[in-house]
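One structure is given below, encoded as structure tokens.
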Amino acid sequence: MRLFETSGGAHVEISDTGMGISEEDQGKLFERFFRTAEATSSAIQGTGLGLAIVAAIVEAHGGSIDVESEVGFGTTFKIVLPVATRAEKAVA
């Protein structure tokens, strides 16, 4: 896991070296109840709600979430959240 700040906001990157996710499945990954064919055929437990919930929370905070993955090499999720400036904090 990496955490850093840029002018674009606070960045969180979470990576693994797992089975990876196909490009086709990456486009559906944040849809509710979506499960990859690999997860289903490998009997990996889950309902397909976790990433949809994470995406909803991130977007509700004005942020964004993205995925980069290669089958056989792992996956990286990148989250960017806005950071309030001192002036914005003073007004609140």
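What follows draws every value from the coordinates through simple rules; no lab data is involved. This is a predicted model, so every value here is computed, not measured. Cβ sites come from the backbone with ideal geometry, for glycine too, and all protein chains shown count toward neighbours.
Quick look at the values:
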{"read-out": "Per-residue Cβ neighbour rank within 10 angstrom, fewest leading, Ser15, Ser42", "value": "Ser42, Ser15"}
{"read-out": "Paired Rg and Dmax values of the chain, which use every Cα atom, in angstrom", "value": "15.6, 53"}
{"read-out": "Karplus-derived HN-Hα couplings along the range 43-59 (A = 6.51, B = -1.76, C = 1.60, θ = phi - 60°), whole Hz, x at Gly and Pro", "value": "6, 6, 5, x, 10, x, 9, x, 6, 5, 5, 4, 4, 5, 5, 4, 5"}
{"read-out": "Relative contact order (%) - criterion: Cα under 8 Å, at least six apart; region: the range 2-91", "value": "38"}
